[in-house]
Each structure stands twice: as C-alpha cells, then as structure tokens.
Amino acid sequence: MIMISIGIDLAGLEKNKTGFCVLRNNLAETFILYTDDEIVDSVKKIKPDVVAVDAPLIYPPKIRECDRLLKKYGAMPPTMKSMGVLSKRGFFLAKRLKGFNVIEVFPTGSAKILGIYSRDIEAMKNGLLNFGLVFENSVSTKDEVDSIIAALTGLLHMRELTEDVGDKEGVVILRKMPEHFPNILWNLLANS
C-alpha cells in the first residue's frame, strides 16, 4: 500500500520559496511553490495521508512547551519577528487545510536525531539517499531538502515512529531516537 506524505518547508512570506515534497513511500518529488493558493490546491489534488508543515501552527505567536524543549535542536521561538510572520502564515494555512491530517514538524531536529544534519545541502541529500530515499527530480535547494525531511517525518508519524513533543498549547512531531535505524524504517516503507 502506498502511503503519501506531503512535507512543506513554509516560507514566512508568499514572495519567498516554499519547499514542497510529495513522498510516496520512499520516492520523493519536490517542488518550489510560493502562494498559499498553490499549496492548498496541490494538497487537495494529491490527497495525502498526512501534511507535515515546518512552521509553528499557532497565532498569535507565543512560546510553548514544545518550543522550549526543541531549543536544544536549534528551534527559534515563535515570538521572534520573522518567526511571528511564519507562525501567522502557518496557522492560517493549516485552517485552509481543514479535513487533512496536518501536523507541525521540525526537520532540523529530525535530521539531527537521524544523524544526517549538516549545513551542506549535498551532505544532507546523501544522508537521505543512504537511507534509501529515491529523488524523482533534481533537488537543489535547502527548502527542498527540508521539505523532504518534513515529509519523511510525516511518513514516520503514520508508522508510529515519532514522538509528540509539547503539551495542549502545541505539539511538534519529531522522529524518535532510532534503535535499529535505517533497517527498520526502510523495511517498513518498502513493505507498505
């Protein structure tokens, strides 16, 4: 059975690049989108099992328990000016995606837990390829790489290989610490 996860590395402003990944089991296809209408139309057309958004999905922005807990992985507080803009956009985008399974993710944290985090895009791409992902198109931006990790986190979430970080004020889905990674993961994905 094919499971479809969409990962969105949301930009704070529509004029900036938003990474968008469609992950079908281990096959990743990425796009750069800009507007909320483009994102919503794409999600509705694809009808994924989960939509994993790399952005705080709260408005007005405030510091939540999940933000405090994820600080050790480099999470920035939603109350920073640029994060406040992103938080507002994420909140209203999630509202427009009502009816879909929308989750908040933090790809940098997931990448660090998976041991593939790097400031070098090529190194991160190689880490994803080493885990068995197949890129269906050329991946050339950090936005696309982050959208792939967001989609991967969404797929892992559907396979109950994630943990909820936070409380009633907000939850971020993060990859569990791997025990037998990558064998368990890709066996699950390959046999979906």
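The values are calculated or read from the model by the stated rules, or taken from the named source; none is laboratory data. What you see is a predicted model, and the numbers here were worked out from it, not measured in a lab. Cβ coordinates were reconstructed from backbone atoms using ideal geometry, including for glycine residues, and neighbour counts include every protein chain displayed.
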Right, Arg96: among the basic types (Lys, Arg), closer than 20 Å to Lys17 by Cα, at pLDDT 95 or above and in contact with a Leu (Cβ under 7 Å, 6 or more places away or on another chain) or not? no
Considering residues of segment 139-170 that are of a type in the set (Val, Ile, Thr) and out of contact with any Ser or Thr (no Cβ under 6 Å at 6 or more places or on another chain) only, the residue modelled with the lowest pLDDT: Thr162
Hits in segment 49-69 - residues which are closer than 9 Å to Ile6 by Cα and either among the charged types (D, E, K, R) or without any contact (Cβ under 8 Å) to a residue 60 or more places away in the chain (or both): Asp49
Are there any pairs, at least 6 apart or on different chains, whose C-beta atoms fall under 7 Å, with the first in segment 144-168 and over 25 Å from Ala11 (Cβ atoms) and without any contact (Cβ under 8 Å) to a residue 40 or more places away in the chain and the second of a type in the set (D, E, K, R) and not in a strand (DSSP E or B), and if so, which? Leu161/Lys176; Glu163/Lys176
Name the residues in segment 67-106 that are closer than 14 Å to Glu169 by Cα and of a type in the set (Val, Ile, Thr), would you? Ile103
Residues being β-branched (Val, Ile, Thr) and over 11 Å from the mean Cα position of the chain (by Cα) - total across segment 146-167: 2
Given the criteria over 21 Å from Lys98 (Cβ atoms), touching a strand residue (DSSP E or B) at 6+ places or on another chain (Cβ under 9 Å), among the hydrophobic types (A, V, I, L, M, F, W, C) and at pLDDT below 95, does Cys21 qualify? no
Subset of segment 171-192 [part of a strand (DSSP E or B) and either at pLDDT below 90 or under 25 Å from Lys17 (Cβ atoms) (or both)]: Val172, Ile173, Leu174, Arg175
Report the residue count in segment 121-139 for those that are in contact (Cβ under 8 Å) with a residue 12 or more places away in the chain and of a type outside the set (A, V, I, L, M, F, W, C). 6
